[in-house]
């Protein structure tokens, strides 16, 4: 009996030792799990960096496109406003009569001296240099006088103003008597200016402008003032 009991005890001890040895040889599951997470992080690292590079490239592309659109808009605006050359306007701004003599009867006539303020309006972003010119005055298409305009310059986006003085006269016209009696003598002025618009002292473009103005002169009162000045 004692021999049998001792054998069973030795067998139990060997079995327990064998189980303990197997447990020691088995890998630790938490370590395996930790190593798995580490491998996942190592694999995700390059993907994350690649995604960041892709986003940076996309941002750079968007910035470049926005810059190109902005520059195109600026160039278009520059071309439509600053670089666009327009013809100036040449007008009679106002006029006064210094002397006025009227002849009636069978041979109606008038003889007057007029002072007029002229203006060359330049709306360009560059100066307008114009040459010498002549202003002609008419009564119903009949020449009654003329005067010269000396060459000058209208600065950028400004109006060049100057005064002219001219003697106007007409004798023996059949329509003149009726107009003098009505109290209104209508005269017209016509002229043409030729010159160049200079942009930034680099670009020069030829531009011309015409004057076509009508003036109504009151012949009834003693002052004989110009009532209306209208230009086309």
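The values are calculated or read from the model by the stated rules, or taken from the named source; none is laboratory data. The shown structure was predicted, so the numbers you read here are calculated from the model rather than taken from an experiment. Every residue, glycine among them, receives a Cβ derived from its backbone with ideal geometry; neighbour counts consider all protein chains shown.
Annotations for the structure displayed:
- Test: residue in segment 116-132 that is surrounded by 20 or more Cβ atoms within 10 Å (Cβ to Cβ), assigned by TED's automatic domain parsing to the domain that holds residue 213, in contact with a helix residue (DSSP H, G or I) (Cβ under 8 Å, 6 or more places away or on another chain) and modelled with pLDDT of 95 or more: no
- Every residue from segment 106-122 that is in a loop (DSSP other than H, G, I, E, B) and either touching a residue at least 12 places away in the same chain (Cβ under 8 Å) or within 31 Å of the chain's Cα centre (by Cα) (or both): 107, 108
- Residue among 92, 68 that is closer than 24 Å to residue 230 by Cα and over 13 Å from the mean Cα position of the chain (by Cα): 92
- Any hit, segment 188-208, residues being over 24 Å from residue 87 (Cα atoms), surrounded by 14 or more Cβ atoms within 10 Å (Cβ to Cβ) and in contact (Cβ under 8 Å) with a residue 24 or more places away in the chain: no
- Residue 152 vs. criteria within 30 Å of residue 205 (Cα to Cα) and surrounded by 13 or more Cβ atoms within 10 Å (Cβ to Cβ): yes
Per-residue answers, yes or no, for (1) more than 18 Å from residue 210 (Cα to Cα); (2) free of Cβ contacts under 8 Å to residues at least 40 places away in the same chain:
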position	(1), (2)
88	no, no
124	no, no
129	no, no
141	no, yes
155	yes, yes
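- Options 145, 87, 103, 177; residue that is surrounded by 15 or more Cβ atoms within 10 Å (Cβ to Cβ) and either in contact with a helix residue (DSSP H, G or I) (Cβ under 8 Å, 6 or more places away or on another chain) or under 30 Å from residue 203 (Cβ atoms) (or both): 87
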